[in-house]
Amino acid sequence: MSIELDIKSKLQKSLASLGIEVNVDDLIVENTKDPSHGDYATNTAMKYCKLAHTNPRDLATKIIDAIDKDGIDKIE
């Protein structure tokens, strides 16, 4: 399994735990343009904040709290 697909799967599961059902193919995980910003980036919180009835920052925090962090060094 690719790293991007693993991250997408973890995102999908964390969203499902928050009551947001999405298809893994609808999630975007990409390399960052600037390596100082980490290895990967996603727009998941921006894309699904309306479904969660919250703002992107709050949804991002909920995703971070719910995501399986096995194999992930740091999430911001």
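Each reported figure results from applying straightforward, stated rules to the coordinates on display, with no laboratory input. Note that the structure is a prediction, hence the values are computed from the model and not measured.
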Problem set entry | Value at 222 nm in deg cm²/dmol, rounded to 500, when DSSP H runs of n ≥ 4 in the chain each add -39,500 (n - 2.57) | -12000 deg cm²/dmol
Exercise. To the nearest 10 degrees, how steeply does helix 3-17 sit against the main Cα axis of the chain, on a 0 to 90 scale?
Worked result: 20
Problem set entry | Cα gyration tensor, segment 1-53 - rounded (a/c under 1.5), prolate or oblate | oblate
Exercise. What angle do you read, to the nearest 10 degrees and between 0 and 90, between the alpha-carbon axis of helix 56-66 and the longest principal axis of the chain?
Worked result: 80
Exercise. Rounded, prolate or oblate: which fits segment 35-76 when a ≥ b ≥ c are the square roots of the eigenvalues of the alpha-carbon gyration tensor, with rounded for a/c under 1.5 and prolate only if a/b beats b/c?
Worked result: oblate
